[in-house]
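Coordinate-derived values only; no laboratory data. Bear in mind the structure is a predicted one, so any value in this text is a computation, not a measurement. Cβ placement follows ideal geometry from the backbone for every residue including glycine, while neighbour counts extend to all protein chains displayed.
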Amino acid sequence: MTDGPRQRGNASADGDTPSSESTKEASGRVTLKKEIGLVSACGIIVGNIIGSGIFVSPKGVLENASSVGLALIVWIVTGVITAIGALCYAELGVTIPKSGGDYSYVKDIFGGLAGFLRLWIAVLVIYPTNQAVIALTFSNYVLQPLFPSCFPPESGLRFLAAVCLLLLTWVNCSSVRWATRVQDVFTTGKLLALGLIIIMGFVQICKGEYYWLEPAHAFETFQPYDIGQIALSFLQGSFAYGGWNFLNYVTEELVDPYKNLPRAIFISIPLVTFVYVFANIAYVTAMSPQELLASNAVAVTFGEKLLGVMSWIMPISVALSTFGGVNGSLFTSSRLFFAGAREGHLPRVLAMIHVKRCTPIPALLFTCISTLLMLCTSDMYTLINYVGFINYLFYGVTVAGQIVLRIKQPDLYRPIKVSLVWPVIYLLFWAFLLIFSLYSEPVVCGLGMAIMLTGVPVYFLGVYWDNKPQCFNTFIGKMTLVCQKFCVVVYPDMGESKNVGNQGSEQGQKEEQGNALNPSE
């Protein structure tokens, strides 16, 4: 197994040695700064969950639920299940207070190979494709007013998406504070836009426009109920809440994570559930189910019906929402790659941070470049379908790890300890969706598993194999040193990143808690 990152200033035979300037800087304890407060933490969760979906196409749930009433029930139930999953992650986040989210938890509980496979599928497909799609949605809504009678040119869409990615990567490389401020501003913007939709919905109800909300009509089906279709609606509803676990990727940068991590979850998930449910209620006060299903951009159609000359607010809101979504995804994915490199599962240079700005510049550049490469392919939507199943699979594995950790280390210090009833409920729901996915789309799920399993030989060759040829180690060391000098980065001080999850001592946990409570550290 490859060792973790070396301490800065230690000599290395393979050339992986910081420069004298870096060593000098290291004496001043270069670490990831704790600059994410409660408001920014909520902004990360809400901003990553609420992307373009609620504005563009909430029709997937309605189409499979077969009635307005059942669709609203699906939105509520999936919101509750998401809250339960987030509650389980809150316990894991303060028990194993390391950045990297479910990757770190799976690695510590189930071992290096399981953690590496989670990281592999995220690095290879999940984050690059998701970020590319969100950036393309942003560019589409920005350029659409310039091409009112036709679709914007593909080259223009990809170019603007690339500009968006490069701009936000620069912001994230420059300052953690700048990145969180961008996230706060754009999250506030999208909540205001959704607030406008909800208020207009209440106005419609006050006017008596609630035909499809009356019980007699709400459960009026436009196609026969089908258990398979209903299960699919729950699956799509669960995917709409994707991003609820992203705050766990940046635990080490949270101010007072033992308090702010659970607080942010308890604030954000109910808020998103409220927004999703009441935005869908608002939509059906202005549109029939058939009109909603026929619309390619529900919020835009809603605005055209009710806002008149102010209808331009909706496409602008979608553009702003997706811009903030790209920022949040870049911020969190870079921390995942940073955590993976720190554990020796990715190239060491990705575990370095800038000597003054304390931002993980190599990891940010890595996620930016991989996303730009994904913009050059036309198969990214296909890849998302293949690995969506795997992404959801690891949610369940992580929550199962919470139960395993309770059994293996019952005396481990847990600042938050939830009843095991909650992970069991989450796993039952998760198993239902997983079994249905395998039954309905065995080929897609099988291909997703195959893509993930390509990481097994990579793990044994790149991580598990210790005795690599000296020439290989020397080459990697020289490349690391070149990248280090180019980006002006060093390995962060590891004093605040102890592997407390494996140590299992209350003393170690309390020391970590003490560090978290002191932002100046």
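Once you divide the Cα radius of gyration of segment 238-326 by 2.2 N^0.38 Å, the number left is 1.39. Note on Cys150 and Ile227: the model spin-label points, each 7 Å out from Cα along the C-beta direction, lie 5.1 nm apart. Distances between placed amide hydrogens fall under 5 Å for Ser99 paired with Thr251, Glu252, all partners being 5 or more residues away or on another chain.
Among 434-441, 125-132, how do they line up by average Cβ neighbours within 10 Å per residue, starting with the highest?
My ranking of the peptides, most packed first, is 125-132, 434-441.
The relative contact order of segment 112-249, computed from alpha carbon pairs under 8 Å that lie at least 6 residues apart in sequence, is 11 percent.
Contact order, relative form, for the chain: 35 percent (alpha carbon pairs under 8 Å, 6 or more residues apart, mean separation divided by residue count).
Sorting 315-325, 255-265 by average packing, meaning the other beta carbons within 10 Å per residue, from highest down gives 315-325, 255-265. Restricting attention to segment 218-300, which GluC sites (Glu not before Pro) occupy a DSSP loop and are surrounded by at most 16 other Cβ atoms within 10 Å? Listed in order of number, the matching sites are Glu220. Here segment 304-392 is treated as a Stokes sphere of Kirkwood radius computed over C-alpha pairs; at 37 °C and 0.692 mPa s its diffusion coefficient rounds to 208 µm²/s. Relative contact order for segment 37-118: 11 percent, from Cα pairs under 8 Å spaced at least 6 residues apart, divided by residue count. A Förster distance of 25 Å, applied to the separation of the beta-carbon atoms of Leu373 and Ile416, puts the FRET efficiency at 0.05.
Comparing the chain with the 2.2 N^0.38 Å rule of thumb, its C-alpha radius of gyration ratio is 0.99 (two decimals). The shape of segment 95-193 can be summarised by an equivalent ellipsoid whose semi-axes, obtained from the alpha carbon gyration tensor, come to 33, 19, 12 Å from longest to shortest.
How do 95-105, 74-84 rank on mean C-beta neighbours within 10 Å, highest first?
Answer by packing, highest mean first, reads 95-105, 74-84.
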